[in-house]
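Working notes, beginning with the structure itself.
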Amino acid sequence: MTIASKRSGLALTLAFLLAITLSSCSNSSSDEQRSEASNSEESANTPESTESEERILVSEAEFRAAVNKARLFRDEFKGNYELGSKVSFDRFTKKGTSIFSINLYFTKEDDSSPWETSLISVYDGEDWIFHNEVNVKSSAGILNFEEISEVSRDVRDSGTVSEVSVATLDESTFRNYCKIINGTDVIFRLRGSEASDAMGNMTQANIESEKSLCIIGYGLAQGFKV
């Protein structure tokens, strides 16, 4: 399976789940984020800590509990696996008429292939931002994803636009990301061209979902089977 075909399938899956969520929650409202994320520019870096280079071990019981909270999909024809968070409206950060989120996603081509880790960024709003960078910050550090690839860009029946992009994470970047997620005051930004950004505080639902997915990632690295 080529990278292009994997991303195409991933885009269809995410777009379908997002469409269902937005449709079922079209009459829902969520509170505005209580504080604005700082606009000050930060130098690109990863958290500086020797602990970030140490592999975190989880028990199989913790791993199973996290997997039970996630969405696991296996294509019975192609044999590929996709493992990520269940879509829920309260997981998205809301800013004006726009909603956006970032989420870990695990994929593997078949039973004999290794798991690959990605960070999926999703945006839905009235105007395009054409985001090509993702920045995440908390009390634990800063992580910038400057090499992301677009997997879909659509105009919905409602007239809003949707963007989905993906960044590939190696083991070190995955650990650093999870360290940031486990910090306090988590904010993130989908940075687009011509200073078109979507930025805000990560919702508690999104944080808890990401913490659970971090446990899954640690367990997969230890060799646990889903």
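The values are calculated or read from the model by the stated rules, or taken from the named source; none is laboratory data. Being a predicted model, the structure only gives us computed values, none of them experimental. All Cβ positions, even for glycine, are placed from backbone atoms using ideal geometry, and neighbour counts span all protein chains on display.
Would it be correct to say that Glu48 is over 30 Å from Gly96 (Cβ atoms), at pLDDT below 50, in contact with a strand residue (DSSP E or B) (Cβ under 8 Å, 6 or more places away or on another chain) and not in a helix (DSSP H, G or I)? Yes, satisfied. Scanning region 190-219 for residues that are touching a His at 6+ places or on another chain (Cβ under 9 Å) and among the charged types (D, E, K, R) returns Arg191, Asp197. For Ser149, are the conditions met, namely being surrounded by fewer than 16 Cβ atoms within 10 Å (Cβ to Cβ), over 23 Å from Gln222 (Cβ atoms) and in contact (Cβ under 8 Å) with a residue 12 or more places away in the chain? Criteria met by Ser149. From the list Ser172, Ser138, the lone residue that is polar (S, T, N, Q), under 16 Å from the mean Cα position of the chain (by Cα) and closer than 21 Å to Cys214 by Cβ is Ser138. Checking each residue in region 94-114 for being β-branched (Val, Ile, Thr), under 15 Å from Asp127 (Cβ atoms) and not in a loop (DSSP other than H, G, I, E, B) picks out only Ile99. The single residue among Asp110, Asp124, Asp157 that is acidic (Asp, Glu) and under 27 Å from Gly219 (Cα atoms) turns out to be Asp110. Listed by first and then second residue, the pairs with beta-carbon distance under 9 Å, at least 6 apart or on different chains, first residue in region 117-137 and outside any strand (DSSP E or B), second buried (at least 18 other Cβ atoms within 10 Å of the Cβ) and among the basic types (Lys, Arg), are Ile129/Arg191.
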